[in-house]
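Here's a structure for you.
The values are calculated or read from the model by the stated rules, or taken from the named source; none is laboratory data. Owing to the predicted nature of the structure, the values given are computational and were not obtained by experimental measurement. Note that we place each Cβ from the backbone using ideal geometry, even for glycine, and neighbour counts take in every protein chain shown.
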Amino acid sequence: HRQHQKTNQPIRQELCQNKNNLMSETFRNIRTNLQFMLENDKKVILVTSTVSGEGKSFISANLAISLSLLGKKVIIVGLDIRKPGLNKVFNIPRKEVGITQYLANPEKNLMDLVQLSDVSKNLYILPGGTVPPNPTELLARDGLDKAIETFKKSFDYVILDTAPVGMVTDTLLIGRVADLSVYVCRADYTHKNEYTLINELAENNKLPKLCTVINGLDLKRRKYGYYYGYGKYGKYYGYGKRYGYGYGYGEQTHDKE
């Protein structure tokens, strides 16, 4: 699947305008598998990865779109609050409005912050909002639990686009409100030893019902390799190196998701 790069061309166009192409069929398969894994009345899906560039927001956004095309009422919530990305993905101009406003002041009307997408009448978006000085503390408060309970009453599915779990503890805190976790890896990008982390998270039940999506497979090449540059993401999280590699975000210059 080819990623939209510096043009910021909305990814939603591919699923909405070309509903029979390979990418939309792939997301139909992912959608079906996740629906099978979810138990009755379970609807909160957390999406994460180890680092940036593995396609976490790409997967979560297209999964939300795919579910909405079933006629299900879906909300996608930007919980990567250190580096909010849903505004860019869905072309939302008001970056100051989002979940952080509610987490900082749970007396606010949560649904007033939710925006109807221009992709589908069934898809709603709650971006990350203003980057707070205390993201971990905000996510640890019961305001997040109250927000998710509100969404569960109003929506058929709740998709949580979270921070890379290999860099900060935010996503582990968010795991308490999720029913299922999708861990995104990327062929020719994710390091083999990251699976040590994934296995530890699964064995210790740190994320609920953990499954993986392998993103960016090139079936023509039929080989696996590893990229080593992660851009500038680390500066947003205050972390330098882990597992012996430097992590970062910056411009995503790879051409496949």
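This table checks each residue for (1) over 21 Å from SER120 (Cβ atoms); (2) under 13 Å from the mean Cα position of the chain (by Cα); (3) part of a loop (DSSP other than H, G, I, E, B).
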| residue | (1), (2), (3) |
| --- | --- |
| LEU63 | no, yes, no |
| SER66 | no, no, no |
| ILE76 | no, yes, no |
| ARG94 | no, no, yes |
| VAL97 | no, no, yes |
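If you don't mind, another one. Condition first: surrounded by fewer than 24 Cβ atoms within 10 Å (Cβ to Cβ) and either among the basic types (Lys, Arg) or at pLDDT below 90 (or both). Now tell me which residues in segment 42-55 satisfy that.
Passing the criteria: LYS42, LYS43.
While we're looking at this one, here's another question. Just to be sure, is GLN101 touching a strand residue (DSSP E or B) at 6+ places or on another chain (Cβ under 9 Å), over 20 Å from SER24 (Cα atoms) and surrounded by fewer than 24 Cβ atoms within 10 Å (Cβ to Cβ)? Show your work before the answer.
Details: touching a strand residue (DSSP E or B) at 6+ places or on another chain (Cβ under 9 Å): no; over 20 Å from SER24 (Cα atoms): yes; surrounded by fewer than 24 Cβ atoms within 10 Å (Cβ to Cβ): yes.
When the stated conditions are applied, GLN101 does not pass them.
With respect to GLU39, determine if the residue is acidic (Asp, Glu), under 24 Å from VAL213 (Cα atoms) and surrounded by fewer than 22 Cβ atoms within 10 Å (Cβ to Cβ).
yes
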